[in-house]
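Here the structure is laid out as structure tokens; the discussion comes afterwards.
The values are calculated or read from the model by the stated rules, or taken from the named source; none is laboratory data. For clarity, every value in this text was computed on a predicted model and none was experimentally measured. Positions of Cβ are backbone-derived with ideal geometry, glycine not excepted, and every protein chain shown enters the neighbour counts. Each accessible area value is taken on the protein alone, full model and side chains, heavy atoms only, with ligands, DNA and RNA left out. Shrake-Rupley method; radii C 1.70, N 1.55, O 1.52, S 1.80 Å.
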Amino acid sequence: MMKIKKVFNNNVVIANNQQNQEVVVMGRGLAFQKRPENQSTLQKLRRPLY
């Protein structure tokens with residue numbers, strides 16, 4: 001489970017992972033209709049960058 005901090009566009013977000021590390025997550029359409037502070041599984045997860 002990840003907690004979204006900032007949505008850049010439909011494909012890129014900054015989120016906190018389970019260890020409370022900040023990660024940049026990229027994937028096609030993964031942030032579509034998502035809002036910051038939402039708990040999300042980010043099912044279309046492609047590339048987490050630590």
(message) Looking for something surrounded by fewer than 16 Cβ atoms within 10 Å (Cβ to Cβ), over 10 Å from the mean Cα position of the chain (by Cα), outside any strand (DSSP E or B) and modelled with pLDDT under 85 - is there at least one such residue anywhere in the stretch 2-10?
(response) no
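In the stretch 11-29, which residues are assigned to a loop (DSSP other than H, G, I, E, B) and either open to solvent by 70 Å² or more (accessible area, probe 1.4 Å) or at pLDDT 85 or above (or both)? Spell out how you get there, then give the answer.
As a first pass, look at the stretch 11-29 and keep what is assigned to a loop (DSSP other than H, G, I, E, B): 11, 17-21, 27-29.
Passing the criteria: 11, 18, 19, 20, 21, 28, 29.
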